[in-house]
Each structure stands twice: as structure tokens, then as C-alpha cells.
Amino acid sequence: MTLVDRQSRRGRWLALGIGAIVLAGALAGGLALTGIEETPDFGPARPEAGYTMELEGRERAFTLSALYLEHPGAELQVLEVEALTSPNVDYIGGVNVWPRDHAFNALSVGPGYPAPEIKQHHPLTEVIPSTETDLEPLPGTSDPQPLSLALGFRLTSGELGAVNGVRVVYKADGKKRERIFRYALIVCTKTALCEPAGGENESDYNKRVLRQFGLLPDGN
């Protein structure tokens, strides 16, 4: 499997619905929900999953979602978001998708912020009551329904940019916690910039782009 799954093409993007919760949980394996004082340093690291997306026309904003916080029966509140981005990509804000709203939203990685498929959402820092995180699993699933974060970014200059990692500080029943999502997203404004150069394979392309922006550690 390559460093970044090349799922999107011109006019298309990857939509992650509620069925992707199991996948997201598996990708996040090892990212324990520990007390904030125990979490690792947040710096460039090899991503565990990612996407490549072409922006069309004059659109320069994009959304990275399906970032899940799983605390069944807990009151939650997001306090802070920090993202590792290329110098020409700004973090512009975020929204929450509450567990009960997953069935009515496509949690998409796509152009625009919020992505138009995310039709029902709440302010990022709004307190989510315990009654909202204590819902029964959806039919056909056994996992608790998580809170989902959808984060917005903007390519401010140039034709190629990237995000590689998001750090979220939040409270669960009053206890401060931290979660690091090791997801990468490469965006471009021209098809050729989203494709490997001659002689490159997919993995080499993804590493090259992230490395040129300082978003991979030395030796990766």
C-alpha cells in the first residue's frame, strides 16, 4: 500500500461515511487517548493514511474530515486544533458532526469548507452533552458512534500544498486529553502536479511532496 491512497481525480473526491469508522479506528491504532501530559511530541511523522486531491477552478479551500473522538457517554468539548501544513496552507477552522447526524452526512475529504456534503454540523468548540455520545451503535455495526471533526484549510499561494498531521486538544468529562491524527492530504491546482513524475512510483511521489515541505522526518 502506498503512503497516500490516490482516490481522487478531477471533479471527484473521497467521501467517508459512517461505514468508515472501523477503518478510521484501525488506522488510528496505537494513538491512545491518554492524558495530555503523556502524549508524544507533535512533529513531522510518517502518515498512516492520506489522500491526494485536485482543486478545480478558483476553489482553494478544502476539508479534511472523518477525524473521530470515541468516548461513549462522555461530555466532550474541543479546545484547540493544531495542524502541520506546508507554508502555503492555512488552517481556517473546524466544525463538529455529532454522532446522531452521521446518517445524514457524507464525511468527505473534498473541496470547499465545510465540504457541501457535510450538511448538518455544529461549532467546533460547542459542548457535546453525554446524551449525544451515548447513542446505540448503528444497525449492522458494533462500534459506538463517535464525534467527528471536519477541519478546513486553504491553499494561500502556489499550486501545490499539503497537510500531514492534526493535533486535537479536548475535554472528556472535564479531563483534558490530546489526540494526534497521522493523516496526510496533498492538494494541487493542476492534474500534472498530483501525478508522479517520470520514473516515480506512487510512494516516491507522496514522499517527495511531503518532504519538500518539511512534513516528513529525516530518513523517511
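Restricting attention to region 132-149, does a residue exist that is closer than 30 Å to GLY57 by Cα, within 21 Å of the chain's Cα centre (by Cα) and open to solvent by less than 50 Å² (accessible area, probe 1.4 Å)? Yes - at least one qualifying residue is present in region 132-149. Of all residues in region 44-65, those satisfying the criterion of being within 12 Å of the chain's Cα centre (by Cα), buried (at least 21 other Cβ atoms within 10 Å of the Cβ) and within 25 Å of ARG211 (Cβ to Cβ) are PRO47, GLY50, TYR51, PHE62, THR63, LEU64. Once region 150-186 is narrowed to residues that are open to solvent by 20 Å² or more (accessible area, probe 1.4 Å) and of a type outside the set (Lys, Arg), the residue that is nearest to VAL89 (Cα to Cα) is THR156. Does PRO114 satisfy the criteria of being closer than 28 Å to ASN206 by Cβ, part of a loop (DSSP other than H, G, I, E, B), at pLDDT 95 or above and not polar (S, T, N, Q)? No; evaluated as a whole, the condition is false for this residue.
Out of region 83-121, which residues are closer than 18 Å to TYR170 by Cβ and open to solvent by 70 Å² or more (accessible area, probe 1.4 Å)? Matches in region 83-121: TYR91, HIS121.
Does any residue in region 54-82 that is at pLDDT 90 or above come within less than 6 Å, Cβ to Cβ, of a residue that is aliphatic (A, V, I, L, M) and in a loop (DSSP other than H, G, I, E, B) six or more places away or on a different chain, and which pairs are these? These pairs meet every condition: THR63/ALA115; GLN77/VAL127; VAL78/LEU124.
Could you say whether any residue in region 194-208 is within 17 Å of THR52 (Cα to Cα), at pLDDT 95 or above and polar (S, T, N, Q)? Taking every residue of region 194-208 in turn, none turns out to be within 17 Å of THR52 (Cα to Cα), at pLDDT 95 or above and polar (S, T, N, Q).
The values are calculated or read from the model by the stated rules, or taken from the named source; none is laboratory data. Predicted model only: the values in this text are computed from it and were never measured. Cβ sites come from the backbone with ideal geometry, for glycine too, and all protein chains shown count toward neighbours. These accessible areas exclude ligands, DNA and RNA; they are computed on the full protein's heavy atoms, side chains included. Shrake-Rupley method; radii C 1.70, N 1.55, O 1.52, S 1.80 Å.
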